[in-house]
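Since the structure comes first, as structure tokens, the remarks are kept for the end.
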Amino acid sequence: TMNPDTKITLCVTGCDDWLGYAFVAGLNNGAGRQHVRRIYAGVIDENRQYTQWLKDEPNVEVFSYDENRTDKLDHYCKEADAVVIVPTLIHHEQHLGDGDGDQDSRHKDVPPSVRAVLESMRQNHVHCASLVSYVNVDQAKGPHLAQIAATERAFVKCMKSTRKFTVGDIGFAEGGHYVGCGQIIRASLPMEHLYLFQDVIRDDQAITLPVTDQEFVPVTMMDVTEGLVNLIYRNLHPPSHHNEALPPGWALGQPTGHQSAATFPGYETGSTGFRHADCGCGDGDKDKHRIINFTGPKSLTGSRLAEEASHALGIHYDFRVIKLDDMRNYLMQKGLLRDAEAACLVELYEELVIPGRMAKVIPDLQHALDRKPSGAAAFWKFNGNDFKPKH
């Protein structure tokens with residue numbers, strides 16, 4: 001059992017979008033909640049369905065903010081032990097065209113509501129912050145994923161400006177450029193997006209996705225949130241020098257040459273390169289930043305995903321391929337997503353899933369959890385009743 005004094009409070013922004021809501025629900029349903037006392041969930045639109053659902057979640061206090069109303073945002077940024085930004089997006093039709101290709105115009109891609117969060121973090125000297133993003137988002141060209149990539153760059157800039165200390169007391173003094181706890185968590189395809197197709201899956205007993213035989217590695221938000229909370233918790237409550245056994249994931253993303261090599265043998269030559277990953281915003285090595293990739297335990301195809309659902313739920317599910325345009329239209333007509341969210345999900349498939357940019361299993365999440373991530377089968381077991389036919 002946790003010492004209640006060491007439980008943490010989180011301020012999570014962007015919670016009235018599907019991804020932000022999935023983050024909070026995943027945290028509340030997963031093992032990460034044992035470390036968390038309270039979640040302050042920031043929403044932009046109080047009337048959205050996701051906001052209403054958040055109000056039913058335990059240990060969640062909902063507050064609203066936008067670029068013109070930041071008083072509550074400032075309050076909760078100060079109040080919380082750590083801030084987690086879930087990116088919000090602007091629909092690009094009203095948004096593109098103000099950039100003419102010069103270096104600075106790409107920073108205009110950071111939506112104003114996200115800029116408000118970064119500004120609040122800067123003013124309130126938030127040391128411990130994380131940004132939720134997608135694996136390989138920097139390789140995408142679509143205008144909505146580009147906003148997330150621009151948000152990554154702005155986040156790094158912000159974390160550099162809030163740097164007030166080195167972590168000397170736990171042996172990282174020589175890494176003077178090291179940020180207390182500024183990490184970008186790039187997740188692979190979240191299983192929770194299947195809730196957007198819930199009625200098709202339930203009524204037609206068919207997993208319907210815009211992939212043919214491409215492999216991709218899905219991940220669950222219960223695992224992502226638990227892994228992230230573990231990292232935040234260890235940053236806020238570092239192990240004492242007397243404690244020989246470092247907690248799992250402790251060295252994740254730390255400057256090279258400390259515990260990392262000992263904790264994770266072979267990690268120095270690891271192919272993920274998260275320890276000094278460059279988000280395209282650096283001037284040389286000292287500005288390279290912690291990008292941590294959270295993926296599930298194995299790659300699947302659409303038909304294998306349907307097999308896992310059938311196996312877990314004891315009912316047969318088919319796999320059906322849907323065209324990207326049909327997916328876009330379906331999401332628009334369902335009305336659960338804003339236009340920008342629907343467009344972003346289509347870009348996610350078009351630019352990252354279908355070309356195989358989310359096909360690789362990366363060990364970061366396993367290190368953060370100190371166990372194998374649970375993956376698709378666990379998602380179906382935990383959420384299965386929501387996808388079973390009603391009859």
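The values are calculated or read from the model by the stated rules, or taken from the named source; none is laboratory data. Because the structure is a prediction, the values reported are computed rather than measured. Positions of Cβ are generated from backbone atoms using ideal geometry, with glycine treated the same way; all protein chains shown enter the neighbour counts.
Take the conditions (1) modelled with pLDDT under 95; (2) surrounded by 18 or more Cβ atoms within 10 Å (Cβ to Cβ); Glu93 misses just one of them, which is (2). Looking across region 1-30 at every residue that is small (Gly, Ala, Ser) and modelled with pLDDT of 95 or more, the one that is surrounded by the most Cβ atoms within 10 Å (Cβ to Cβ) is identified as Gly20. Take region 320-341 and flag every residue that is part of a helix (DSSP H, G or I) and either of a type in the set (D, E, K, R) or in contact with a Cys (Cβ under 8 Å, 6 or more places away or on another chain) (or both). Within region 320-341, Asp325, Asp326, Arg328, Lys334, Asp339, Glu341 meet the criteria. Can Val346 be described as touching a helix residue (DSSP H, G or I) at 6+ places or on another chain (Cβ under 8 Å) and of a type outside the set (Ser, Thr, Tyr)? Yes; evaluated as a whole, the condition is true for this residue. Given the criteria surrounded by fewer than 19 Cβ atoms within 10 Å (Cβ to Cβ), touching a strand residue (DSSP E or B) at 6+ places or on another chain (Cβ under 9 Å) and modelled with pLDDT of 95 or more, does Thr301 qualify? So Thr301 fits the description; yes. Residues satisfying the criterion are present in region 60-73 (criterion: in contact (Cβ under 8 Å) with a residue 24 or more places away in the chain, surrounded by 14 or more Cβ atoms within 10 Å (Cβ to Cβ), within 17 Å of Leu131 (Cα to Cα) and not β-branched (Val, Ile, Thr)).
Of the residues making up region 74-97, those that are in a loop (DSSP other than H, G, I, E, B) and of a type outside the set (A, V, I, L, M) number 6. Does Arg357 satisfy the condition of being among the charged types (D, E, K, R), under 18 Å from the mean Cα position of the chain (by Cα) and either at pLDDT 90 or above or part of a helix (DSSP H, G or I) (or both)? Taking the combined requirement at face value, the residue satisfies it. In region 123-163, the qualifying residues are those that are among the β-branched types (Val, Ile, Thr) and over 21 Å from Ile362 (Cα atoms), and the one that is surrounded by the fewest Cβ atoms within 10 Å (Cβ to Cβ) is Thr162.
Filtered by the rule that a residue be among the aromatic types (Phe, Trp, Tyr) and out of contact with any Ser or Thr (no Cβ under 8 Å at 6 or more places or on another chain), region 291-347 gives a lone residue, Tyr330.
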